[in-house]
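Values quoted throughout were computed directly from the atomic coordinates according to the rules given, and no laboratory measurement underlies them. Keep in mind that this is a model prediction, so the values were computed, not measured. Positions of Cβ are backbone-derived with ideal geometry, glycine not excepted, and every protein chain shown enters the neighbour counts.
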Amino acid sequence: MASNPHALRSLAEWLGRIADYTDAITGRERFPIKNPATNEILVAIPSLTAEDANAAITNSLAAAKEWRRTTAQARANILHKWAQLISEHHEALAALLTAEQGKPLVEARGEITYGTSFITWFAEEGKRAYGDIIPTNAPTRRLIVTKEPIGLVAAITPWNFPNAMITRKVAPALAAGCPILVKPAEDTPLSAIALEILAHEAGVPRDLFRVLPTNSPAEIGGVFTKHPDIRKLTFTGSTPVGKYLMQESAYTVKKVSMELGGNAPFIVFDDADLDAAVAGAILSKFRNAGQTCVCANRILVQSSIYSQFIDKFTEKVESLIVGNGIDEGVSVGPLINKGAIDKVQQLLNDSLSQGARSIVGGHPFDSSSLFFEPTVLCDVTPGMPIAQSEIFGPIAPIIRFETEEEAVALANDTPFGLAAYFWTQDLGRAWRVSEALEYGMIGVNEGTISSEAAPFGGMKESGIGREGSKYGLDEFLEIKYTSMGGLGA
Ligand code: SIN
């Protein structure tokens, strides 16, 4: 398959820029960042330590004093400039993202656009951090509510969206008037560094937004959770790690936002537009090779259309092209690392041994690569581990149900509550089921729901807080109430 020459050229240019930028950091061990599609080393970068994190905290606090005094408009101007620079480097940043993360170039381009939308959104939303004047409880007094920047923010970001999960946290923090330090995932720090370079070029003061790449995540994570001057911790990642970070943050009573794991049900009722539901299921299941928190995890299909759905869905899955995301036409890239392949294989083996049947796929491509065949698994029952855990891979388990009540009960029978999808053409059912699902985000006749304008986040063990939208700014603000007395009658 043909590689995209323009993408390869711009990738080489950005790898050079990142190498030059990180060469300035001396005295630290370097760790290699590998392309999961080829296993080649893209670049080696310094692994920062707890000492670096502590120094960055001191410097950020100093830079923050001036930033919190700037107007929302002045911050917006800088954020818009950052967005403009990202757009100018759009293709190069997409190629860099594909190289370190593996997703197909077309998805990487989509992620850069998606990531940039958070910057332009919050540039404007920062101007709307309104307070209130509350009707007074005494004639001599006025009750005033203002919103203030929360203070120094620490962010821990995942490898599955190395651009958008950073802008979704950094843009609202900066717009709210806060400094922010980011520890990117060890597998994918390059997109984060590129964003940092462009932010500084746009005029974001250097110490206000720093990326701290490291191969020792616990070391920097430990500073983030323990340091009393960090007032807010924002994390996207697994539920077990989120719980641990919440526990550790409790000692200094930090505000936390946690965007954690999911187990999204994708329900197809017998009155659905079947072709649209199949197309939605493909999009939702195989985006980023199944490695998103909001991916359809379990596909629940009503009994009367079960076989028909499987036939149509399988035909589409067979047409997916697996390969190096930089090559034209590829629709499913590699998984992120060997651990991910092993987990997916284990879940699959357990299901097969418990009676599930693989209709298509079912194997890694070969023992040395990180590619896994898109797989359709039928005769899955709700108790199987694959229906209970977040798969994070290109396997679609299909479960049969009989009634609406049963579908809702199965969908809610999980500690997770991030995203859920269902397909119906019955308006009454659309309302009933939406209201019955215990999930933070619901797609009705939609397979993809993410947008900078909408609140992203989960219920139950899928998290705390919301990102994006008008609600996302509040996560970085404190409410202050002032009672102003002695005003005369
Ligand atoms: C995630 O998987 O964590 C984010 C997905 C999205 O923003 O759509």
### Query
By DSSP, what percent of the beta bridges with both residues in the chain are antiparallel, rounded to the nearest 5?
40 percent
### Query
To the nearest 0.05, how large is the calculated FRET efficiency for Ser87 and Ala453 if R₀ is 30 Å and r is the Cβ-Cβ distance?
0.95
### Summary
For Ser319, Ser191, Ser450, Ser60, ascending order of other Cβ atoms within 10 Å (fewest first) is Ser319, Ser450, Ser60, Ser191
### Task
Could you work out the local net charge near Arg9, counting Lys and Arg as +1, Asp and Glu as -1, over the other residues with Cβ closer than 14 Å to its Cβ?
-1
### Summary
For the range 398-403, in residue order, the Karplus 3J(HN,Hα) values (coefficients 6.51, -1.76, 1.60; θ = phi - 60°; whole Hz; Gly and Pro = x) are 10, 10, 8, 9, 9, 10
### Message
Between Ile442 and Thr26, what is the label-point separation in nm under the 7 Å Cα-to-beta-carbon projection?
### Response
6.0 nm
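Taking the highest mean first, how do the peptides 29-40, 376-387 order by number of other beta carbon atoms within 10 angstrom per residue?
Per-residue Cβ counts within 10 Å, averaged per peptide and sorted highest first, yield 376-387, 29-40.
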### Query
How about Lys316: which lysines have a C-alpha closer than 17 Å to its C-alpha, ignoring those fewer than 8 places off in the same chain?
Lys285
### Task
Amide H neighbours of Arg298 under 5 Å, at least 5 residues apart or on other chains, H built in the peptide plane: list them.
Ala264, Phe266
### Taking the range 264-451 and dividing mean pair separation by its residue count, relative contact order in percent (alpha carbons under 8 Å, at least six apart)
29 percent
### Distribution of pairwise C-alpha distances over the range 351-473, 10 Å bins, in %
12, 34, 34, 18, 3, 0
## Note on the structure
To the nearest 0.05, the calculated FRET efficiency linking Ser368 and Asp273 through their beta-carbon distance, R0 being 41 Å, is 0.45
### Query
Taking other Cβ within 10 Å of each residue's Cβ, how do Tyr114, Tyr481, Tyr471 sort, fewest first?
Tyr481, Tyr471, Tyr114
## Note on the structure
Here, the range 110-256 modelled as identical Cα point scatterers in vacuum has Debye log10 I(q)/I(0) at q = 0.10, 0.14, 0.15, 0.20 Å⁻¹ of -0.39, -0.70, -0.78, -1.25
### Task
With only alpha-carbon atoms counted, please give the Rg and Dmax of the range 187-345, in Å.
20.7, 60
### Summary
Percent of all alpha-carbon pairs of the range 1-54 at distances over 12 Å, whole number, is 72 percent
### In order through the range 73-84: 3J(HN,Hα) via Karplus (6.51 cos²θ - 1.76 cosθ + 1.60), integer Hz, x for Gly, Pro
5, 4, 5, 4, 4, 5, 5, 5, 5, 4, 4, 5
### Task
Taking amide H positions as placed in the peptide plane 1.01 Å from N, state which residues far from Phe31 in sequence (5 or more) or on other chains have amide H under 5 Å from it.
Ile45, Ser47
### Query
Out of every Cα-Cα pair in the range 264-451, what percent are more than 26 Å apart?
25 percent
### Query
Listed highest first by mean packing, meaning other Cβ atoms within 10 Å per residue, what order do 246-253, 169-176, 402-409, 272-279 come in?
169-176, 272-279, 402-409, 246-253
## Note on the structure
Once Lys and Arg are counted +1 and Asp and Glu -1 for all other residues with Cβ under 14 Å from that of Gly261, the total becomes +1
### Task
Quote to one decimal, in nm, the extra length available between Lys460 and Gln354 on full extension: 0.36 nm per residue of separation minus the C-alpha distance between them.
35.3 nm
### Summary
In the structure shown, of Lys103/Lys226; Lys65/Lys470; Lys243/Lys480; Lys343/Lys460; Lys34/Lys127; Lys34/Lys460, the pairs separated by more than 31 angstrom at the C-alpha atoms are Lys103/Lys226; Lys34/Lys127; Lys34/Lys460
### Message
I'd like to compare 286-293, 93-100, 457-464, 124-131: which one has the highest average count of other Cβ atoms within 10 Å, and what's the full order after that?
### Response
93-100, 286-293, 457-464, 124-131
### Query
What nm value, rounded to one decimal, do you get for the distance between Glu66 and Glu435 when each label is placed 7 Å out toward the C-beta?
5.5 nm
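Which shape class, rounded, prolate or oblate, goes with the range 1-134 when its Cα gyration tensor gives a ≥ b ≥ c as root eigenvalues, a/c under 1.5 marks rounded, and past that a/b bigger than b/c marks prolate?
Cα axes put the range 1-134 in the oblate bin.
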### Task
State the dimensionless ratio Rg/Rh of the chain (Rg: radius of gyration of Cα atoms; Rh: Kirkwood radius).
1.00
### Query
Cβ under 14 Å from Asp273's Cβ, Asp273 left aside: what net charge do those residues give with Lys, Arg +1 and Asp, Glu -1?
-3
### Task
Mind jotting down the three principal axis lengths of the range 280-355 based on Cα atoms? Whole angstrom, largest first.
41, 30, 21
### Task
Obtain the nm distance between the two label points defined at Ser303 and Tyr481 by a simple spin-label model: each point lies 7 Å from its Cα along the Cα-to-C-beta direction.
5.6 nm
